[in-house]
Amino acid sequence: MKLRSGIDLLVQQRAQEVARTDAELLELYEKKASRGVAVGRLLNRECGACRMTIGATALAEISAMPQDDIATCPDCQAILVR
Ligand SMILES: [Zn+2]
């Protein structure tokens, strides 16, 4: 019984964590969308939003980021979809 409630608590915390991250991402997205730039697909070192080629240094930084982290374009600040 004690173990069971411990698992429930973990699941609950995880759900809250996900909800919080989604809210932050949504807020970031809306802030960027209001400026005309929201999200771009990173394709062949090129930002899908502004079509600028991302420099080697910035690209290396983006590549080093965890997949669930939010990468942004150094030129237009669009969220980069990797
Ligand atoms: Zn860009």
Completion exercise
Long-range amide H partners of V81, meaning residues 5 or more apart or on another chain whose placed amide H is closer than 5 Å, are G40, R41, L42
Practice task
Let me have the relative contact order for the chain, percent, based on Cα pairs under 8 Å that are six or more residues apart.
Solution key: 26
Problem - Sequence-distant residues sharing a close amide H with E46 (under 5 Å, placed H) - result: I54
Exercise for the section: Treat every Asp and Glu Cβ in the chain as -1 and every Lys and Arg Cβ as +1, leave all other atoms uncharged, and give the resulting dipole magnitude about the Cα centre to the nearest 20 debye. Expected result: 120
Handout entry: Net charge, A23 excluded, C-beta distance under 14 Å - Lys, Arg +1, Asp, Glu -1
Key = -3
Problem - Cα Rg, Dmax, the chain, angstrom units - result: 17.1, 57
Practice task
Divide by every residue of the chain the summed helix terms, -39500 (n - 2.57) for each DSSP H run of at least 4, and state the resulting mean residue ellipticity at 222 nm, rounded to the nearest 500 deg cm²/dmol.
Solution key: -18000 deg cm²/dmol
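Antiparallel as a % of all DSSP beta bridges within the chain, to the nearest 5?
The antiparallel fraction comes to roughly 60 percent.
Each reported figure results from applying straightforward, stated rules to the coordinates on display, with no laboratory input. The structure displayed is predicted, hence computed values, not measured ones. Glycine gets a Cβ as well: all are built from the backbone with ideal geometry, and neighbour counts include every protein chain shown.
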